[in-house]
1. Which numbered condition in (1) modelled with pLDDT of 95 or more; (2) surrounded by 19 or more Cβ atoms within 10 Å (Cβ to Cβ) is the only one that E180 fails?
2. Test E19 against the criterion of being under 27 Å from T270 (Cβ atoms), without any contact (Cβ under 8 Å) to a residue 60 or more places away in the chain and open to solvent by 20 Å² or more (accessible area, probe 1.4 Å), and give yes or no.
3. Look through the range 362-386, keep the residues that are open to solvent by 20 Å² or more (accessible area, probe 1.4 Å) and over 21 Å from M245 (Cα atoms), and return whichever of them is nearest to the ligand (Cβ to nearest atom).
4. If you take the residues in the range 195-215 that are in a loop (DSSP other than H, G, I, E, B) and more than 16 Å from the ligand (Cβ to nearest atom), which one is nearest to the chain's Cα centre (by Cα)?
5. Which one is farthest from L154 (Cα to Cα), of the residues in the range 231-249 that are in a helix (DSSP H, G or I) and touching a Leu at 6+ places or on another chain (Cβ under 8 Å)?
6. Tell me which residues, restricted to the range 108-154, are farther than 18 Å from G234 by Cβ, acidic (D, E) and either open to solvent by less than 20 Å² (accessible area, probe 1.4 Å) or more than 16 Å from the ligand (Cβ to nearest atom) (or both).
7. Just to be sure, is K111 part of a helix (DSSP H, G or I), within 17 Å of Q246 (Cβ to Cβ) and among the charged types (D, E, K, R)?
8. Keeping to the range 335-361, report how many residues are assigned to a loop (DSSP other than H, G, I, E, B) and surrounded by fewer than 19 Cβ atoms within 10 Å (Cβ to Cβ).
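The values are calculated or read from the model by the stated rules, or taken from the named source; none is laboratory data. This one's a predicted model, so the numbers in the text were calculated from it and none came from an experiment. We place every Cβ from the backbone using ideal geometry, glycine too, and count neighbours over all the protein chains shown. Just so you know, the surface numbers come from the protein's heavy atoms only, side chains and all, with ligands and any DNA or RNA stripped out. Shrake-Rupley method; radii C 1.70, N 1.55, O 1.52, S 1.80 Å.
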Amino acid sequence: MSLTRRSSWLDPDLDSFRELAHSFCQKELAPNHERWSEQKQVDRELWNKAGEVGLLCLSIPEEYGGGGGTFAHEAILLEEQAKAGDDAWGNSVHSGIVAHYINSCGTEDQKKRWLPKLASGELVSAIAMTEPGTGSDLQNVKTKAIRDGDHYVLNGAKTFITNGAQAGLIVVVAKTDPGEAAKGVSLLVVETEGAEGSGGFRRGRVLDKVGMHGQDTSELFFDDVRVPAENLLGEQEGLGFVQLMQQLPQERLIIAVCAVAAMESAVEQTIRYTKERTAFGREIFKFQNTRFKLAEAATEVAVSRAFVDQSIERHLKGELDVTGAAMAKWWTTDRLSRVADECLQLFGGYGYMNEYPISRAWTSARVQRIFGGTNEIMKEIISRTL
Ligand SMILES: Cc1cc2nc3c(=O)[nH]c(=O)nc-3n(C[C@H](O)[C@H](O)[C@H](O)COP(=O)(O)OP(=O)(O)OC[C@H]3O[C@@H](n4cnc5c(N)ncnc54)[C@H](O)[C@@H]3O)c2cc1C
């Protein structure tokens, strides 16, 4: 049973691509959930396996080793990941965000140097914006990258960094001119090989989160790390804030795509469960409360799907702006939280057991309103255009 109509942006080529994404996610992600939760990260080899079958950097041009596809390919992989119940693999950050910073903002040399390694899985990547003292207020990051000859000297601390424990390439948001606000921000690419240990780069704890236990979210420390000047993303200092603003719509749309797919999956699981479970001699589904709650949830899913499909279409045409992406991000993640919570309730005590995927849907849902820019910041962005 499908809760929503077929997305308008799909076509037969994308349908065949979905088969590949589906089989990879079912085979490589679904069975490993518990083990990854215990080790607080996916297996490092997962990245190489995904690279081998061509599932990394799907929308990066083929000349740089990518799949030569579009955001539609990324969206399908995200949907299949959600259907497999996976909340561990940080590929959306790697392929959907970091690779695009390099592709859109990097010089030709930088693209040739890094993108093929991201596409093969030789390098795992992360983006380090957030600091212990600064999250929403990105203009005020304290991490500094001060030019010294043909290097930058990087000092600072980052936290909550997805893929932080495994990343070999980290795009760091730092001030090259600490006296300036937005104009002082630059993006610096740190290659961890050689920088780790005596090079001044250190990884802190893999953080213990409420949910998404298998996804590595880490602290990173930079203590006089010498980064070659040619690792400045783009050719000029002070462009970082503009570069961030250009890429954030895709990052937020990715979150919205995941939210809708997670909602669809939660409702489908709940319909199945409530038709199997009985109480007072009848299926849980037959109680009017259950049917009404599920009717509401199915409607929330359908409305969210229509909105996210429209946002994907706009993005495929290059027309999704910051405001539109902010609307999609806050709306869908807010709905996901509500839907996951109502669905969990219909599972009774089993809904609170980690072995039931609905419990993961619920804990994973909570953070979607926080990362990628909090939902309050989304409303701030939208309200500025009113
Ligand atoms: C699981 C996880 C993964 C993450 N991955 C990454 C990553 O890969 N890279 C990265 O850089 N960061 C990452 N983050 C960090 C995330 O983006 C930040 O947590 C988020 O941007 C909020 O920043 P903060 O935590 O410092 O909250 P704060 O900015 O301190 O906000 C606290 C509260 O104040 C509110 N607030 C702040 N400013 C305003 C305002 N102007 N108006 C109204 N309300 C406001 C916020 O909405 C929030 O409710 C991740 C976080 C988590 C939890």
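1. Unmet condition: (2).
2. The answer is yes for E19.
3. V367
4. Selected residue: A195.
5. Residues of the range 231-249 that are in a helix (DSSP H, G or I), as a first pass: 231, 240-249.
Next, from what is left, pick out any that are touching a Leu at 6+ places or on another chain (Cβ under 8 Å): 231, 240-241, 243-244, 249.
Numbers: N231: 12, G240: 15, F241: 18, Q243: 19, L244: 19, P249: 28 Å.
The selected residue is P249.
6. Correct list: E122, E131, D148.
7. Judged against the criteria, K111 is a match.
8. Number satisfying all stated conditions: 4.
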